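Notes follow once the structure below has been shown.
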Amino acid sequence: MEIIIYIAVGFVVGCGIAWLYCSICSRKRQTELEIRANLAEAMSMEKEKQILQKETELNQIRNELNLERQAKIEALTRLEASEKHLEEEIKRIETIRAELSETFRALSLDALTKNSDEFKRYADEFIRLAEEKLKSQATEGKRELEVKKGLIDQNIDAVHKTLTEVQKKVEDFGRLSGERITEVAALLKRHEEVTQRLNDTTMHLGNALASSKKRGEWGERMAEDILQLIGMTEGINYIKQKTLETSSGRPDYTFFLPNKTKINMDVKFPLDNYMHYLNAESGHDKKRFRDELLKNARLMIKQITTREYINPSENTVDYVIMFIPNEQIYGFINEADSTIMDEALRQKVILCSPFTLYAVLAVVRQAVENFNLERKASEILRLLTEFSKQWMAYKERFKLMGERLDAAKREYDNLLTTRTNLLERSLRKIDEIGRQGGKTIEQDLNNGQKD
């Protein structure tokens, strides 16, 4: 009875988990390809957007480069104009100096006859002032030219540095753009390959599941995976496809329960009508295939309610498990007809999806382990009781042996002390008598020799 309660609790828990899961992802597989395609398209658009953004940045950098080049040309033009202006100023100063020399020479010749000494003094002063003026103008022009040249050199260096940075950015952008374009192309190619593989896998899966035998093998493989995940071992926790002894039935799996009881399980996979329902375009066709699917499910439930699966003479429990190895089909059946679960339970059939089967079999395995643990605990308790009984007998015999050893020790001590002392006392007396007798004999011998 406890096993049935464990199984029922596991079934209810599994049904709740399956219902929650089916409500979340009942249409997940229908939109998976569309989601992936939309994702790939979004990624492609994002990459194109990034490429356009990088092209815009490249055009902006090119415009900045053109502006820098134009500024450099203007700076070079201003430098050439400044140098040309400086040369013209130098030539003008030389011309003025030559004109002053000619004027001085003319004045000196004109005034030579008047007052040569005074004129010479004025002429020297005039020449000195003219030379100072020319030197100051030349120095100022040279200094101004050097300042302008320094500014022009700074502008040229800044322009050169800017051009170098722009050129580096252009090269980096070109390299990165090439890498990005290569990455986008590789990503699109991988997406195309994944989509193709997914289409091939879907096609192969559809072809494989078109055969009822292949569907049965696939369902058994899923059951095997769940059993391995739980930790059950064939031949120890269950057997599969073994013909029953009292009938011709052959359940897919038979699980061992405590007290030599068993529970049978069959794998059923009503896929055809479900695929027809998904591919149907009109509401009428969808309703027809849905009704066919529910009818097929009820027929499968009825097939495993016979004595071939629930048979007390075979030590089976009152329930049988029907495993539907697809969460979508299981959820669709529950959504399409909420009464089919109650009908199955009334007929002693537990409907299980992969999730609920895991829960039910986990409860079964735990119940078996608990029963074995309880049985081993009872055996250990019995052995402990027997051990306690033997231990008490052992203690009594050990106590008796101790008492006997104590008596033997007392007797030994008695022999070692009292008896030994008495014997030694007698021996000492004998020794004294012997020594006295020896002395008397020796004296007699000595007296005889003297006589």
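Once amide H atoms are built 1.01 Å from N in the peptide plane, which residues 5 or more positions from VAL267, or in another chain, come under 5 Å H to H?
Residues meeting the criterion, in which the H sits 1.01 Å from N, are ASP252, PHE323.
What nm value, rounded to one decimal, do you get for the distance between GLU132 and LYS429 when each label is placed 7 Å out toward the C-beta?
16.7 nm
Can you tell me what share of the DSSP beta bridges in the range 222-356 is antiparallel? A percent to the nearest 5 is fine. Display every interim value, and only then the final one.
On the way: 7 of 16 bridges.
The antiparallel fraction comes to roughly 45 percent.
Starting from 0.36 nm per residue, how many nanometres of slack lie between PHE398 and GLU281 once their C-alpha separation is accounted for? Write down the numbers at each step before the final one.
Working: separation 117, 0.36 × 117 = 42.12 nm, distance 9.20 nm.
Contour length minus the Cα-Cα distance gives 32.9 nm.
Go ahead and run the numbers for FRET between ALA186 and ILE230, Cβ-Cβ distance against an R0 of 41 Å, rounding to 0.05.
Efficiency at R0 = 41 Å is approximately 0.45.
Along the range 254-267, what does the Karplus equation 6.51 cos²θ - 1.76 cosθ + 1.60 (θ = phi - 60°) give for ³J(HN,Hα), rounded to whole Hz, x for Gly and Pro?
Running phi through 6.51 cos²θ - 1.76 cosθ + 1.60 with θ = phi - 60° gives 10, 9, 7, 10, x, 6, 6, 8, 9, 9, 9, 9, 10, 9 Hz.
If each residue of separation counts as 0.36 nm, what is the full-extension length gain between GLU64 and ARG382 once their alpha-carbon separation is subtracted? All intermediate terms of the calculation are to be shown ahead of the outcome.
Details: separation 318, 0.36 × 318 = 114.48 nm, distance 9.65 nm.
104.8 nm is the gain from fully extending GLU64 to ARG382.
Quick one: net charge of ILE380's neighbours, Cβ under 14 Å, K/R +1, D/E -1? Before the final figure, lay out each step's value.
Working: positive: ARG375, LYS376, ARG382; negative: GLU374, GLU379, GLU386.
Neighbour charge sum, excluding ILE380 itself: 0.
We did not get these values from a lab; they are worked out from the coordinates using the rules stated. Because the structure is a prediction, the values reported are computed rather than measured. Reconstructed Cβ throughout: ideal geometry from the backbone, glycine too, with neighbour counts over all protein chains shown.
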